[in-house]
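What follows is a short report on a single structure.
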Amino acid sequence: MPRINISEFRTDEGSQDPFSPIKLRKLLLKNRFIKSATYEGMYRGGMPAGQLIDFHTRIALGGVGMTTVAYGAVNNAGRTHDEQMYLHEGVLEPLQQLTDSVHQYQCAASIQLTHCGYFSKNKQLAGKKTLAPSRRMNMYGFMEGMFFSKSMDAGEIIGTAEDFARAAVLAKSAGFDAVEIHMGHGYLISQFLSPIINSRTDDYGGTLQNRLRFPLMVLERIRNAVGGDFPVLCKMNLDDGFRGGLKIDESIQIAAALENAGADALILSGGYTSRTPFYLMRGDIPLTQMIRAESQMLQKIALAVFGRIIIRKYPFAENFFLPLAGKIREAVKMPVVYLGGVVSSEGINRIMNEGFDMIALGRALIHDPDFIKKIRGNRSFISPCNHCNLCVAEMDHSGVRCLIDEK
Ligand SMILES: Cc1cc2nc3c(=O)[nH]c(=O)nc-3n(C[C@H](O)[C@H](O)[C@H](O)COP(=O)(O)O)c2cc1C
C-alpha cells in the first residue's frame, strides 16, 4: 500500500511561503494547501463510487498537500440522507483505493468525520427520532416522519463519541493520513457548542465549559484510539451566523480548549447549514437549481415558495473570514488553517503574512484543480470561480463540479 514519500521535503515551521512543507505530528505535507471538505455526492447507496476516487485523484494531481474526503458519517444515524457514506468495514476497500490513488501524487488524504445531529432525512431512520443535544424540530426530515429530535441521554453521548473514535480507526486502516472532526456548520458537535441550540440543563449544556464537554470527549476518544502520531484536525465555527448562535468571543475560548486538548490544527469556518447555509460560502444562491436537485416534492414546493425568504444571501468578498479568523490566530499558538473565499495569489500572501500556517480551499479547486499550479507561476493570478454556487446545487444531483461554463 503506497504511503506518501516524504523524504524529499524539508520543513520550515512558521514559514510564510505557502509552498513550503509543514509537519503535523509525523505527517509531512509537501505544501500548505488543503482541499477543504466539499460534499462530493459521489456515493451510491452509501458506497464510495469510482467517481469519488477520480475526483480526489484529480485534486491530488493539481498539487495540494492534502485533500479531504467530505462527510464520513461516524454511524448510520449521523447521515443527513441515506446516499451518504458512514464508516464501516464495507466501505474500506474503495477508501483504500482512494488513498492509494491520491498518495501516488505525494498528496496526503484526510477524511471529515461527522454526525448530522437533528438535521437528517435518512430513510433508514424513517419514523425514528434524530439525535441532538436538545429536542428540536427537524424540518429537513418531515417527509420521512422524523419531525423532532430526541435529546441525547448520557449513554447516547458516550456511545456517539465512541463511534467517532471507531470511525477514526477505520479511516486510519483505510490509509488516511489524518482525520478532521467536523465541529462546525450546525452538525451535531456544533449543535452542542451553540448556546441557543443546546438547551440542556445537565453537564453537557449551559456554560461553555459544559457545552465543550462532548466535543472534547470526541477529541480525546479519537486521540486515544488513533495514537500519538496521527494528526487530528478540528473544523470549527467562528460564528454561527444568526442571533443567539455561537459568536467569536466563545469561539476564541473553544479554540484555546481544543489547543489544550491536543488538536493538531484548527480549520476555521462559520455558518449553520439548517439556518444560514450560505454564510459559510457567500455569493449567489442557486435557488432554481436547488429546487431542481431536490428529490422530494413537498421540499421542492417549500423551497420554491419560501426559498427566497428563508435562505439569506451574503455578498462574496475575497478572504471573507479573515477579520474573524485573525482573532483566533492571535489567541492560539497551534497551527491554524485559513478557509473562506481564497481566490488569488495576492490574497494567499496576505493570509500567510497574517501568520496562518495553512490554507484550505473549496470552490477555487472545484473550478480548477490546477489552481495551485497556476498561482505558483503567477503573482497576480485570480481564480475565475465567480461564486455562483451552482456546485452546491449540483453535489446531490450528479456530483460536485463547476458549472460556470454551462451557464
Ligand atoms: C459544494 C460544496 C460542498 C460543501 N460541503 C462541505 C462539507 O461536506 N463539509 C464541510 O465542512 N464544508 C463543506 N463546504 C464548505 C467548504 O468546505 C468551505 O468552507 C466553503 O466553500 C468556503 O470555502 P471556499 O470559499 O474556498 O469555497 C462545502 C462547500 C461547497 C461549495
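The values are calculated or read from the model by the stated rules, or taken from the named source; none is laboratory data. Everything numeric in this text was worked out from a predicted model, so none of it was measured. With ideal geometry, Cβ positions are generated from the backbone for all residues, glycine too; neighbour counts draw on all protein chains shown.
Please verify whether PHE147 is within 15 Å of the ligand (Cβ to nearest atom), over 13 Å from PHE176 (Cα atoms) and of a type outside the set (Ser, Thr, Tyr), treating the condition exactly as stated.
On the way: within 15 Å of the ligand (Cβ to nearest atom): no; over 13 Å from PHE176 (Cα atoms): yes; of a type outside the set (Ser, Thr, Tyr): yes.
Considered against the rule, which asks whether it is within 15 Å of the ligand (Cβ to nearest atom), over 13 Å from PHE176 (Cα atoms) and of a type outside the set (Ser, Thr, Tyr), PHE147 comes out as no.
From the residues in region 142-190 that are in a helix (DSSP H, G or I) and modelled with pLDDT under 95, which one is surrounded by the most Cβ atoms within 10 Å (Cβ to Cβ)?
Per the criteria, the residue is GLU144.
Mind telling me which of the residues ARG211, ARG200 ends up being in contact with a Pro (Cβ under 6 Å, 6 or more places away or on another chain), at pLDDT 95 or above and over 30 Å from LEU29 (Cα atoms)?
ARG200
If I ask for residues that are among the acidic types (Asp, Glu) and without any contact (Cβ under 8 Å) to a residue 24 or more places away in the chain, which ones from region 357-407 would you list? Spell out the reasoning first.
Step one: of region 357-407, the residues among the acidic types (Asp, Glu) are 357, 368, 370, 394, 396, 405-406.
Correct list: ASP405, GLU406.
Considering only residues of region 49-60 that are within 16 Å of the ligand (Cβ to nearest atom) and crowded, with 22+ Cβ neighbours inside 10 Å, which is nearest to HIS88 (Cα to Cα)?
Here the answer is LEU52.
Is region 127-140 home to any residue that is on the phi > 0 side of the Ramachandran plot and out of contact with any Phe, Trp or Tyr (no Cβ under 6 Å at 6 or more places or on another chain)?
yes
Checking the conditions here, which among LYS327, LYS300 is free of Cβ contacts under 8 Å to residues at least 12 places away in the same chain and in a helix (DSSP H, G or I)? Don't jump to the end; show me each part of the working.
Numbers: LYS327 fails: free of Cβ contacts under 8 Å to residues at least 12 places away in the same chain.
Sole residue among the options that is free of Cβ contacts under 8 Å to residues at least 12 places away in the same chain and in a helix (DSSP H, G or I): LYS300.
Out of LEU233, LEU193, LEU208, which single residue is surrounded by 20 or more Cβ atoms within 10 Å (Cβ to Cβ), touching a helix residue (DSSP H, G or I) at 6+ places or on another chain (Cβ under 8 Å) and not polar (S, T, N, Q)?
The conditions single out LEU193.
ARG312 versus (1) modelled with pLDDT under 95; (2) closer than 25 Å to GLY399 by Cβ; (3) assigned to a loop (DSSP other than H, G, I, E, B): which is the lone unmet condition?
(2)
Could you list, in sequence order, the residues of region 272-282 that are outside any helix (DSSP H, G or I) and more than 8 Å from the ligand (Cβ to nearest atom)?
Let us first name the residues in region 272-282 that are outside any helix (DSSP H, G or I), namely 272-276, 280-282.
Passing the criteria: TYR272, THR273, SER274, ARG275, THR276.
Report, by residue number, each residue of region 357-407 that is within 13 Å of the ligand (Cβ to nearest atom) and among the basic types (Lys, Arg).
ARG363, ARG401
How many residues does region 329-341 contain that are of a type in the set (A, V, I, L, M) and within 15 Å of the ligand (Cβ to nearest atom)?
The number of residues fulfilling the criteria is 3.
Would you call GLU294 of a type in the set (Asp, Glu), within 16 Å of the ligand (Cβ to nearest atom) and out of contact with any Leu (no Cβ under 9 Å at 6 or more places or on another chain)?
When the stated conditions are applied, GLU294 does not pass them.
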